[in-house]
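Okay, structure first, notes after.
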Amino acid sequence: MSILANKETRAVIIGGVAGLNAARRMAQFDFLINRPLTVQAFVYPPEEGQQKEIYRGGELNNVTVYSSLEQALEENPQINTALIYIGSSRAYQSAKEALDAKGIKLVSMITEGVPEKDAKRLRKYALETGKIFNGPSSIGILSAGECRLGVIGGEYKNLKLCNLYRSGSFGVITKSGGLSNEAMWLCAQNGNGVTTAVAIGGDSYPGTDFVTYLEMFENDPETKAVVIVGEVGGTLEEEAADWLGAEVRRIKVIAAIGGTCQEVLPQGMKFGHAGAKEGKKGLGSARSKMNALRDAGAVVPDTFGGLSKAIKQVYQELLASGAIKPEPELDEKLLPALPPSVQEVMKQGEVIVEPLIRTTISDDRGEEPRYVGYAASELCEKGYGIEDVIGLLWNKKLPSKEESEIIKRIIMISADHGPAVSGAFGSIIAACAGIDLPQAVSAGMTMIGPRFGGAVTNAGKYFKYGVKEYPNDISGFLSWMKQNVGPVPGIGHRVKSLKNPDKRVKYLVDYVKNHTTLHTPCLDYALEVEKVTTAKKDNLILNVDGTIGCILVDLDFPEYSLNGFFVLARTIGMIGHWIDQNNQNSRLIRLYDYLINYAVKEEREVPEKK
Ligand code: Q5B
């Protein structure tokens, strides 16, 4: 048996990240004792509709986040407990709503910094509604072998060490969350463990006092003794002493009170908890509380260190009286072990996981990205440029100075070619339609293909093929291309021709051939092809795609990387066009009728449907 929480407890957590962490800890306890998941729903409007992943051992559960408690309860009528993990500004409202909810009997609040007036109002409201409001600032409630509400109990191994997998005979009531864990451990080491441990929180006005919980423990036949860990300040311990002394009680009370050190400190000094403050004239001092409890019949050690002995003494008495029968303890090894995460077992070298992907170019696991081993900042510091990053990430090589200069020129020269070309035009239309930058740029990008800009790869590929297979036979190469491929990629232009040469191509060819030492077999071959094609038709020149493709092959870039140069360069241009249109507040584009040849049927009557 237990008080407050048992196997029937089903909880909703009101709050975000901290609540999720608590739910995961609670699920560890659910796994330890093999009970169904305690947390059934979350309420957190910013994450409405999300499913939170909660592992109960190795079993994955998806728990829904609702925007309101009402909705959560409508879909999960089994919920009878609410845990408040929301910020202090919204804690009062959330707790009040939970207290108002019909099915909810217990509300426990971890939120700290709740205004005292709100805490008082919630306490009063809980009394009026006949419900329990625990907290604020409470780490939670744990009923051994039954249910864990909140993170009380600490790590999984601690749950086992404190024998929380089964019920004992000691109740625990503390203000401090940390001391609740310690008290549970002491009960396991010196007695037979706990029934329920409640942390009420260290605020000045806790929602529920010691006496209320003592009454509950008195009515729980499994609980034979209760350990109270109180502290200086307030009157909860004195009220507990009054309760104990008022009549013969079934349960034994053991109490440790923190704060006797205050006797040597200036009067009124405050400790960690908001409520841990001695009143005027020594009222609420640790010493007066200890005396009151001792006078009422509680076992009160002089210091917290004496608590072990006190618990042991009471346990022996209970055994001797026959109130408790000694039970053999389970071997800890028989209790289920939490399944370790893949990372944990990998660290220990106990499992081999086949990687899903493999990378050979970059690594972000250190302080900064490393491109093929080189730290990005070091490349910057040592005067490398964007061309070198391209060389590393696309070809796993640092280009020489001469090669970098060529790459730089390729990017610069093909960055844009005015608004009329397919790519820029696509981005402009999108910009004018109010499309955002990434989407507008990708609208332009989708134009890059075999006819426009995307012929770089195939130009490099086929001219390289020509060099190898038809070294001195251009017409043989062209016939092979006609038969097997179609138009030669890299040859031909819509507006450029022998009469209207493409200055970009001339510049690149001149630069590479006359200002560098690059060996250019592929480019030379393409220029020979151009001589033959332009003899047939003067626009069948070696175009910018073809020129870039050949130079990049001569630079030893992998074939399939070549279109990347046009894509990268044109991204600069397309972004420019998007910004330009936005700067001008351009209007939506609609084609004028006179730009369309409506080669359509005359208007006619729609026949009746047969
Ligand atoms: N014919 C580029 O064609 C274009 C032939 C050919 C053999 C060829 C065409 C082509 C290969 C792909 C290519 C990149 C579609 C171009 C670029 C970037 C840009 C763009 C800009 C920028 C142009 C008419 C006659 C036909 C065809 C024959 C054409 N090309 N024969 N090999 N390669 N090239 N693309 O003028 O006998 O009449 O049936 O596909 O390299 O995109 O500035 O605009 O920076 O943005 O529309 O420079 O050449 O001619 O297709 O009507 O053909 O020539 O077989 O012969 P056109 P088409 P026939 S650079």
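Laboratory data are not the source of any read-out in this text; all were calculated from the coordinates shown. Small disclaimer: the values here were computed from a predicted structure and weren't measured. Methodologically, a virtual Cβ is constructed for each residue, glycine included, from the backbone with ideal geometry; neighbour enumeration extends over all protein chains shown.
Take the alpha carbon atoms of segment 28-95, find their center, do the same for segment 209-248, and report the distance between the two centers in whole angstrom.
The two parts, judged by their Cα centres, are 31 Å apart.
What does the charge dipole of segment 430-585 about its Cα centre add up to, to the nearest 20 debye, if the Cβ of each Lys and Arg holds +1 and the Cβ of each Asp and Glu holds -1?
440 debye
Can you give the direction-averaged projected area of the convex hull of the alpha-carbon atoms in the chain, in nm²?
47.8 nm²
Cα axis of helix 521-536 to longest principal axis of the chain: angle in degrees, 0 to 90, nearest 10?
50 degrees
Based on alpha-carbon atoms only, what is the radius of gyration of segment 338-470 relative to the globular estimate 2.2 N^0.38 Å?
So segment 338-470 has a normalised radius of gyration of 1.52.
Give me D for segment 422-584 in µm² s⁻¹, whole number, from Stokes-Einstein with Rh from the Kirkwood sum over alpha-carbon pairs, 20 °C and 1.002 mPa s.
Rounded to a whole number, D works out at 130 µm²/s.
Could you work out the equivalent-ellipsoid semi-axes for segment 207-261, taking the square root of 5 times each eigenvalue of the Cα gyration tensor, largest first, in whole Å?
Ellipsoid half-lengths, sorted descending, are 20, 12, 11 Å.
State, in angstrom, two size descriptors of segment 11-334 derived from its alpha carbons: Rg to one decimal place and Dmax to the nearest whole number.
Using the Cα atoms of segment 11-334, the pair Rg, Dmax is 19.5, 57 Å.
Looking at the P(r) of segment 362-414, how many percent of alpha-carbon pairs lie beyond 13 Å?
The proportion of pairs with Cα distances above 13 Å equals 57 percent.
Under 14 Å from the 7 Å Cα→Cβ point of Lys396, by amide nitrogen: which residues of segment 348-381?
From segment 348-381, the list is 358-363, 371-374.
I'm checking a number: the convex hull volume of the Cα atoms of segment 39-178, normalised per residue, in Å³. What is it?
Looking at segment 39-178, the number lands at 126 Å³ per residue.
Relative to the Cα centre, what is the charge dipole magnitude of the chain, using +1 at the beta carbon of each Lys and Arg, -1 at the beta carbon of each Asp and Glu, and rounding to the nearest 20 debye?
The dipole magnitude comes to about 720 debye.
When averaged across all projection directions, what area in nm² does the alpha-carbon convex hull of segment 118-269 cover?
Numbers: hull surface 39.2 nm².
Approximately 9.8 nm², given one-decimal rounding.
Have a look at the DSSP beta bridges in the chain and tell me what percent are antiparallel, nearest 5.
The answer is about 35 percent antiparallel.
With r as the distance between the Cβ atoms of Lys347 and Asp524 and R0 = 51 Å, compute the FRET efficiency 1/(1 + (r/R0)^6) and round to 0.05.
Between Asp524 and Lys347 the formula returns 0.35.
Based only on other Cβ atoms within 10 Å, what is the fewest-to-most ordering of Met290, Met26, Met346, Met184? Mind dumping the intermediate values first?
Values: Met290 22, Met26 27, Met346 13, Met184 30.
With the fewest neighbours first, Met290, Met26, Met346, Met184 line up as Met346, Met290, Met26, Met184.
In Å and whole numbers, how far do the C-alpha atoms of segment 528-603 stretch along each principal axis, longest first?
Sorted from largest, the Cα extents of segment 528-603 read 54, 38, 20 Å.
Mind giving me the nanometre distance, one decimal, between the label points for Ser362 and Gln439, set 7 Å out from Cα along Cα→Cβ?
2.6 nm
By count of other Cβ within 10 Å, fewest leading, how are Val253, Val151, Val567 ordered?
Working: Val253 26, Val151 22, Val567 17.
Exposure proxy ranking, most exposed first: Val567, Val151, Val253.
How do Val421, Val529 line up, fewest other C-beta atoms within 10 Å first?
Values: Val421 18, Val529 25.
Least to most surrounded, the residues fall as Val421, Val529.
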